[in-house]
1. Just flag the chymotrypsin sites (Phe, Trp or Tyr not before Pro) in region 28-100 sitting in loop per DSSP whose Cβ has no more than 12 other Cβ atoms within 10 Å.
2. Remind me, what semi-axes does region 3-149 give for its equivalent ellipsoid, largest first in whole Å, using sqrt of 5 times each Cα gyration tensor eigenvalue?
3. Once the Cα atoms of helix 3-33 and of the chain are each reduced to a long axis, what angle between those two axes, in degrees from 0 to 90 to the nearest 10, is obtained?
4. Within straight cross-link reach of LYS4, meaning Cα distance under 16 Å, which aspartates and glutamates are found once same-chain residues fewer than 8 apart are removed?
5. Starting from the Cα of LYS87, draw a straight line to each of the lysines and keep only those under 22 Å, dropping any in the same chain fewer than 8 residues away.
6. If each residue of separation counts as 0.36 nm, what is the full-extension length gain between GLU2 and LYS32 once their alpha-carbon separation is subtracted?
7. Tell me which residues come under 5 Å, amide H to amide H, from ASP110 once H is placed; ignore anything under 5 positions away on its chain.
8. Suppose every K and R has +1 on its Cβ and every D and E has -1 on its Cβ; what is the size of the dipole of the chain about the Cα centre, in Debye to the nearest 20?
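Since every read-out is calculated from the coordinates, none of them should be taken as a lab result. These figures come from a predicted structure and were not determined experimentally. All Cβ positions, glycine included, derive from the backbone under ideal geometry; neighbour counts span all protein chains shown.
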Amino acid sequence: MEAKKSIEALQFFVTHLAEGAMVHKQQGMIFKSQGFTKLGQKYVDHFGEEMGWVEKFTERILDLGGEVKFEGMQPRELITNPIEYVKADLAIQGPGVELLLKCMETVKDDPTTYDIMKDYLKDEEEDLYWSQGALDMMECIGTQNWLFTQL
């Protein structure tokens, strides 16, 4: 096992997942303020889920003797239209799952990190399928009807 590869992979996800989690929290707050309580709560809860993964990844870095870094966050534009946000989030999720699969290949010699990443992949796939399903539902019942279900 080469701990350095695992630490680098985990640090990458700590940095970018923390950033994405903050965006989800802020988006959720925006949607709640617009009256889309269910949708808003989904993204606020998603923040908590993602920060749980940040904690797991951080703990693993420390277990491996690595140094955890705070690499800051990049500015990101928030989207006030819920439908446009689901589309934008989906556009990030697909490539994110692909990146995670490639990353898992680099940590395959570290079974503990690999298992953590595999569990994270399952969670990310669920998020991807939710977004795809939401867009399919919008197409089926109409965006206004879908928005009504998010009140």
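1. Loop-located and lightly packed - PHE70.
2. So the equivalent ellipsoid measures 31, 16, 11 Å along its semi-axes.
3. The angle comes out at about 20 degrees.
4. Result set, ordered by chain and number: GLU59, ASP63, GLU67, GLU105, ASP109, ASP110.
5. LYS25, LYS32, LYS38, LYS42, LYS122
6. 6.3 nm
7. none
8. Using Cβ point charges on Lys, Arg, Asp and Glu, the chain gives about 420 debye.
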